[in-house]
Amino acid sequence: MQSELKYVGKSVRRKDGPDKVTGRAVYTQDVRLPNTLVGRILRSPHPHARIVRIDTSRARALPGVKAVITVEDTKGIKHGFVETPRYPPDQEVLARGKVVHVGEEVAALAAVDALTAQRALDLIEVEYEVLPAVFDPEEAMRPGAPEIHPSHPKAPSGLANVGGTTATEWGDVERGFAESDYVREDRFDCQLRTHGYLEPHVTLAQWENGKLNVWTSSMGTFVKRAKLAKVLDLPQSSVRIHKTYVGGTFGGKIDLYSHEYCACHLSMLTGRPVQITASREEIFNAYRHSQPLTLEIKTGVKKDGTIVAQRIRAINNAGAFRGSGVVVIFLAWGFTMIPYRIPNLKYEGFSVYTNNTVRAPQRGHGAPKVRFAIESQMDMIAEALGIDPVEIRLRNARGPGEKLPNGDDTHRGNLSECIRVAAERSGLLAKFGRDRSQPPKGTIRRGIGIGVSAYMGGTLIYPNGSGVIVKMNDDGTAIVLTGAIDIGQGSETVIAQIVAEELGVTPDDVKIISSDTDTTPQDIGAWISGMTYVTGNAARQAAGNAREKLLQVAAEKLGVRADELVAADKVVSHRLNPELRMTYREVVASSIAKRRGDTIIGEGFWRTMRDEPAHPSLATTRGRWTENYAFSAQVAEVEVDIETGEARLVKAYTVHDCGFPINPALVKGQIDGQVSMALGHAFMEEVLVKDGYTLNPNWLEYRMPTIHEMAESEDADVITEQYRVGQPYRTKEVGEGLISGVLAAMGNAVYDATGVRLRSTPFSAERILEGLRDLEFQKRKKHKEVRA
Amino acid sequence: MLRSDPQARAALKAPAQVVSLRVNGEWREIAVKPRVTLVEAIRDLVGLTGTKASCESGTCGACTVLLDGRPVVSCLTLAVACDGMEVRTVEGLTDGEKLSALQEAFLEYGAVQCGFCTPGMLMSATALLERDPKPDRETINKALEGNLCRCTGYNGIVDAVLAASGQTRPRKE
């Protein structure tokens, strides 16, 4: 029987809120252990060099230095973001033989205090033989380019430094282009952008009695444990990752980092806790940022804007190791094929080694770049055909019940509906083209643009599924054990809401114990946009399992059938005769009395597509991906000062389909945060790198949005799914898919305001002014030609 | 960074000084080297870890505390320069277990996600409301411009400050 929902679908306050506004929340940097040593890393000063000799003896001799390690002290076990037969682990925890990027980890040490550690670093002597380096992926691919690593054995022969490829096609693109009424080809680029998590990378490791206790700022404790145990050659049961709150990640804390290994190894050598904190400068100079992607897109359409064929070539500047570079070129295909129907497609992606820092996933994992490129081109095509930006999108957008090329289903997902609502809410068509046709007085021009995106949720990557345990307490309240890690998205709150709803208690009755690898069940982690779906469904099952047990015990005691009973408000009662009732406290007591001490514990497990193999092929794209696709359409209004070239986002409209919103306030928080991050991408942020060296390694010169750049953000939720107690439900993605459409929309809005079409991000004042000057030049040239 | 041995040794050997700080109403005496920053003193010596260390170069505001009522980035403030002064941190905002109106508003209006900027943000906003109980939008922007938040886009934070000062969010367009 479906009753009204009490806690799910409501903007319940954050569980972690009180701790976070009082300073009680414990982050990794707040964990204190007596006798802790300070760890530091010696990093490469060269982008590419052979290590001739390392001499650590002077550092070791310095009083206060407790241990120094180089790669020779390790077991040489490699790790990688991807670890598959095609892409085996490729990176050691410290450099062996040569360094391949500035800031690569060469040695590590632990000392009694920071100053001693710093002095000791200066005493390590490393002799390098500098090698030629290459930073641009297209140069790096050319035969004869400096070899960073050998090309992948399956890469097209003759190309250098190709770490991996993705290739797929369907239909016949050449015939498609021939049958098209209009064909155009464009090339798009984007900048290197950093995650900007406020909490720096930090790890505390303590080796004690054969057990390694680790506190580290991460996005998934079980992933970290698996990787750490492997490179340390320890059983997983000997490594415990403790829960800490995490001060922002945005993709940048999922990979295994050298400092995490080094803190552990140094603690094992010294028998004392070791803490390593990365300075902000180190993070900018040496840590992993996003993946600059170059996209060449050729698209053929019918007169009415229907896409006939598309050919895409993606080149990823993947940095000095494989990292997630080979995933990005796979995902770039994915983010192409989800939103629009493409009858004929040929896609090829190259992940290319360069002597830049290694790359990590970053919120959207390639989608912002892909959607910026495609959505920009859609507007160019629409203009050439004389149709409006809404019409061309509706012509191609996916609706419910469509089969995707990989065999997945859009289910009730509906991009067309998102586009319609976004256009209507924002008054897009009434505003579009206004300032271009009738320029207002003054120097401020206003423009509006639209972009769409789609994102998958809960795909299968290690550890693929989540488990949750619900323990009933004697008084009828519950403790929930979950591996879910709260990185700010609010997982603890959402899980408490689901358990409260399913179990018939209040969210306050539910206490969450989370993300500790020893005491909580395995969890997928906060990194593939599926925690609310995967862990949420496991929580639903676990709470449902506990509820079934409560009903069973009560049925025995009351002498009725369990299916005649309902559980709500911590009371089990008979459907027809409410007098026949037991409180949860009484049920638990009865269970313990009748069942020789057995209390009530519920368990639940969940995995996306249980019968599918682990993941689709990164090389061929074959294989199912997920059952949850979220669609979105976003509109941006921007203002551009045509005198200075400065542009800003004034207002964003987000219309999305996140399935069923468990907590609308948390959904809103994700939207606002992504709009803010997207405007940073669009107008402000760029890690400037010259010859492998970062030129702006701090927040004064790398500008992130401040409160002055805050844009008005309005949203509407196209709710396509229902939540029913006791039944599996589908929540979709909302944490990273909404950074892309709005980025594209800003590009289109800048064009609408000024007539300047930018094919690379960021849309800096310089680029916009250059575009305006170019337009002026073209106009004059035309004028001259006419006069002549 | 200290590059040469004599310099480093001199820094290590500089004598510690005893500094008195009134932290959240309690007088504390701590012995600090001249190079110790206020954020280090608060977190490591006083033992209050609510104040966060992030950029440690004065660019993000996460370590903001109130020094004699004025917001300062404690990573750029030397502890020895604070002798005899009053320091207020996020731990001092509650009245016992009771949250301040601003803390309540932060929870109510979605001003908190990962929470790492929150202590500094709360301190800057507290100082603002103490000197201007009904700040307008420009004044709020000015007061919080040194505090970076990567999660919320600032929308929830602005709403919370307006709500805590008894102002409803002004409607635009």
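Computed over segment A:1-141, the P(r) curve from all C-alpha pair distances, binned at 10 Å from the origin, holds 10, 24, 25, 17, 13, 7, 3, 1 percent per bin. Determine the shape class of segment A:193-255: with a ≥ b ≥ c the square roots of the Cα gyration tensor eigenvalues, call it rounded for a/c under 1.5, and otherwise prolate if a/b is greater than b/c, oblate otherwise. Prolate. Computing Rg and the Kirkwood Rh from the Cα coordinates of segment B:15-91 gives a ratio, Rg/Rh, of 0.92.
Per-residue Karplus couplings for segment A:692-700, computed as 6.51 cos²θ - 1.76 cosθ + 1.60 with θ equal to phi - 60°, are listed in order as x, 9, 7, 8, 10, x, 6, 7, 7 Hz, Gly and Pro entered as x.
Of the peptides A:253-259, A:607-613, A:442-448, the order by per-residue mean of other Cβ atoms within 10 Å, starting with the highest, comes out as A:253-259, A:442-448, A:607-613.
Three principal axis extents describe the C-alpha atoms of segment A:613-694; from largest down they are 55, 42, 20 Å. For segment A:341-346, backbone phi angles converted through the Karplus equation (6.51, -1.76, 1.60; θ = phi - 60°) give residue-by-residue couplings of 6, 10, x, 10, 9, 10 Hz, Gly and Pro being listed as x. The fraction of all Cα pairs in segment B:101-164 landing in successive 5 Å bins from 0 to the largest distance is 4, 21, 36, 28, 9, 1, given as whole percents.
Take A:550-563, A:355-368 and order them by the average number of nearby Cβ atoms within 10 Å per residue, most first; the result is A:355-368, A:550-563. For segment B:15-91, the residue among B:Leu45, B:Ser74, B:Val87 whose Cα projects farthest onto the positive side of the dipole built from Cβ charges is B:Ser74. Would you be so kind as to identify which of A:Val687, A:Gly673, A:Tyr729 lies farthest towards the positive end of the dipole of segment A:642-788, taking Lys and Arg as +1 and Asp and Glu as -1 on Cβ and the Cα centre as origin? Of the listed residues, the answer is A:Val687. Rounded to whole numbers, the Karplus 3J(HN,Hα) couplings from phi for segment A:213-218 are 9, 10, 10, 8, 7, 9 Hz, using 6.51 cos²θ - 1.76 cosθ + 1.60 with θ = phi - 60°, and x at Gly and Pro. As a ratio to 2.2 N^0.38 Å, the alpha-carbon radius of gyration for segment A:385-519 is 1.67. In terms of other Cβ atoms within 10 Å, A:Arg341, A:Arg780, A:Arg43, A:Arg193 run from fewest to most in the order A:Arg780, A:Arg341, A:Arg43, A:Arg193. Taken about its Cα centre, the protein assembly as shown carries a charge dipole of roughly 680 debye when the Cβ of each Lys and Arg holds +1 and the Cβ of each Asp and Glu holds -1. How are the C-alpha pair distances of segment A:225-340 spread across 5 Å bins, as whole percents from the shortest bin up? Each 5 Å bin holds this share of Cα pairs: 2, 8, 13, 16, 14, 12, 9, 7, 6, 5, 3, 2, 1, 0, 0. Farthest toward the positive end of the dipole of the protein assembly as shown, out of A:Gly319, A:Asn696, A:Thr28, is the Cα of A:Gly319, where the dipole comes from beta carbon charges about the Cα centre.
Within the straight-line cut-off of under 26 Å between alpha carbons, the lysines reachable from A:Lys15 are A:Lys6, A:Lys224, A:Lys243, A:Lys253, A:Lys471, A:Lys511, A:Lys570, A:Lys668, A:Lys732, B:Lys52, B:Lys98, sequence neighbours fewer than 8 places apart in one chain being disregarded. Among the residues of A:111-119, the average count of other protein chain beta-carbon atoms within 10 Å of the residue beta-carbon is 3. One Cα centroid belongs to segment A:394-447, the other to segment A:529-578; the line between them spans 44 Å. The separation of segment B:98-144 from segment A:723-788, counted between C-alpha centres, amounts to 34 Å. By the count of other C-beta atoms within 10 Å, a proxy for reagent exposure, A:Met337, A:Met531, B:Met85 are ordered fewest to most as B:Met85, A:Met337, A:Met531.
Taking a ≥ b ≥ c as the square roots of the eigenvalues of the alpha carbon gyration tensor, chain A is oblate, as a/c is not under 1.5 and a/b does not beat b/c. Of interest is the spacing of the C-alpha centroids, which for segment A:237-279 and segment B:67-96 amounts to 30 Å.
By the compact-protein rule of thumb, 2.2 N^0.38 Å, the alpha-carbon radius of gyration of segment A:327-399 corresponds to a ratio of 1.31.
We did not get these values from a lab; they are worked out from the coordinates using the rules stated. Computed from a predicted structure; not experimentally measured. Using ideal geometry, Cβ is built from the backbone for each residue, glycine included, and neighbour counts are taken over all protein chains shown.
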